[in-house]
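Input: a single structure, listed below in structure tokens.
Read the figures in this text as sums done on the coordinates, not as results from a lab. In this text, all values refer to a predicted model and were calculated from it rather than measured experimentally. Backbone-built Cβ (ideal geometry, glycine too); neighbour counts: all protein chains shown.
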Ligand SMILES: [Zn+2]
């Protein structure tokens, strides 16, 4: 599944390669991905210049003068530049055809989304899908104090809280295990029992972990396509993720694993307290 770092690399690549290009047409080969593709999404960008590409959580926001095309890659989506005569492959669901080149959305599992948010409705970040999300990890609003205050009295585990996206977005399963290891916090700890100093370590660890993943993606970038292929994750050296039974890179103890809310969690019982 493309996670925030992968989507951020797609955003940066799109912003660099597609901004300023004019849309000739959109071609949809399916009526719906996760939700029906509204006719406005296919009609409104036509003849318009792409003004810029932003990101909110894992939503890509392609802005045009009449509004914003919202694209989510879901579990398996990829966007790639193809030549206009490139043969169709299975699951090539949508083309965004520019005057030069076309951008093709491929999504085998169809959990992605293509939606339209008219400019008259306000900033795209106010769309119902995004309005209630936690803060962005690289925004000034994401602070240890915010996490601390948000979690007082909460018995939910810190790992589950991070995955919920209610405090901060973008900390998916790999990044939650890795960030908690770097911060020295056991994933099962109740969020309400973590003090401010530990949240300061965690906020720093989250930013570092995500920054390194984005940098890893940027360095392996061919065009802007980040999530082509099955893994969906950048090659990053993990401290604990997917390393059950192997020695901890810091203390040498065997890395442990458990399941929390159906998701695998990895941790070191010596380094994380
Ligand atoms: Zn350890």
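State all residues of segment 246-270 that are within 13 Å of the ligand (Cβ to nearest atom) and surrounded by fewer than 20 Cβ atoms within 10 Å (Cβ to Cβ); if no residue qualifies, say none. The answer is 246, 247, 249, 250, 251, 252, 253, 254, 256, 269, 270. Scanning segment 170-190 for residues that are in a loop (DSSP other than H, G, I, E, B) and closer than 13 Å to residue 257 by Cα yields 186, 187, 188. Under the condition of being within 17 Å of the chain's Cα centre (by Cα), surrounded by 22 or more Cβ atoms within 10 Å (Cβ to Cβ) and either more than 26 Å from residue 252 (Cβ to Cβ) or away from the ligand (no atom under 16 Å from the Cβ) (or both), the residues counted in segment 175-210 number 5.
To keep it simple, each residue is scored yes or no on (1) in contact with a helix residue (DSSP H, G or I) (Cβ under 8 Å, 6 or more places away or on another chain); (2) closer than 30 Å to residue 17 by Cα; (3) part of a helix (DSSP H, G or I).
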site: 93; (1), (2), (3): no, yes, no
site: 116; (1), (2), (3): yes, yes, no
site: 130; (1), (2), (3): yes, yes, yes
site: 138; (1), (2), (3): yes, yes, no
site: 142; (1), (2), (3): yes, yes, no
site: 148; (1), (2), (3): yes, no, yes
site: 202; (1), (2), (3): yes, no, yes
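Scan segment 18-35 and tell me whether some residue there is part of a helix (DSSP H, G or I), closer than 30 Å to residue 175 by Cα and in contact with a strand residue (DSSP E or B) (Cβ under 7 Å, 6 or more places away or on another chain). Yes, segment 18-35 contains a residue that is part of a helix (DSSP H, G or I), closer than 30 Å to residue 175 by Cα and in contact with a strand residue (DSSP E or B) (Cβ under 7 Å, 6 or more places away or on another chain).
For residue 86, the conditions (1) part of a strand (DSSP E or B); (2) surrounded by fewer than 14 Cβ atoms within 10 Å (Cβ to Cβ) are fulfilled apart from (1).
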